[in-house]
1. If each residue of separation counts as 0.36 nm, what is the full-extension length gain between residue 93 and residue 197 once their alpha-carbon separation is subtracted?
2. I want to check the label-to-label distance for residue 101 and residue 190. Put each point 7 Å from Cα in the C-beta direction and report it in nm to one decimal.
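Only the coordinates and a few stated rules stand behind these numbers; no lab work does. Predicted, not measured: the structure shown is a model, and the values here were computed from it. Cβ placement follows ideal geometry from the backbone for every residue including glycine, while neighbour counts extend to all protein chains displayed.
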Amino acid sequence: MQESLGHTAQLVGLLDLMRTGDQTARRRVVEHACERLRGLARKMLRRYPRVHRWEETDDVFCEAVTRLHRALETVQPESPRDFYNLAATQIRRVLIDLSRRYYGPEGLGYHHDTMAGKPDGESQQRYEKADTSGEPMTLAAWTEFHKQVEALPEEEREVFNLLWYEQMSQEEASEVLGVTTRTIRRRWQEARYRLQKACLGEPLPE
């Protein structure tokens, strides 16, 4: 917990520097978030091997960092709370775009011939369509899940961002948002209930 408080305090200082026009602060702010972004990319690819077929952890990580860096050119977060919300938005958009890129109607995964190289008698094409995934959550539902996160009420979305995307503990999120852990637990439960209802019974990613 003490280490986390130090992490947050360091971020506050970097955000203050960035607002003063310090030319190195934006880069340092992004570097500050790198390990969490990398861990998130690794976690997502483990759960969704069909996306992992086309992308490696570092590919997803670099795309998320690039988007975050670009966003910070025009947006200057006032607090760690604002920064984590911005970072979570970039992560969510990368994940949605990956699903569309590979499993949308024109995607490589959607039209990939899984029988390529087989003898003539076995040459019938079979495609990896999003609605036939055997994974815990179909890719179509996976994309919808992230859209529904964006639609959550602001207070619930903030908590969900911190606990799920940023992988913080409830105590860490409490410190960032300036509310009690009891409030964090309540908002987390409400967010999960809304998402479960919106995703029509699909099991939510853990």
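1. Separation in residues times 0.36 nm, less the Cα-Cα distance, equals 35.3 nm.
2. Going by the 7 Å Cα→Cβ label model, 3.6 nm.
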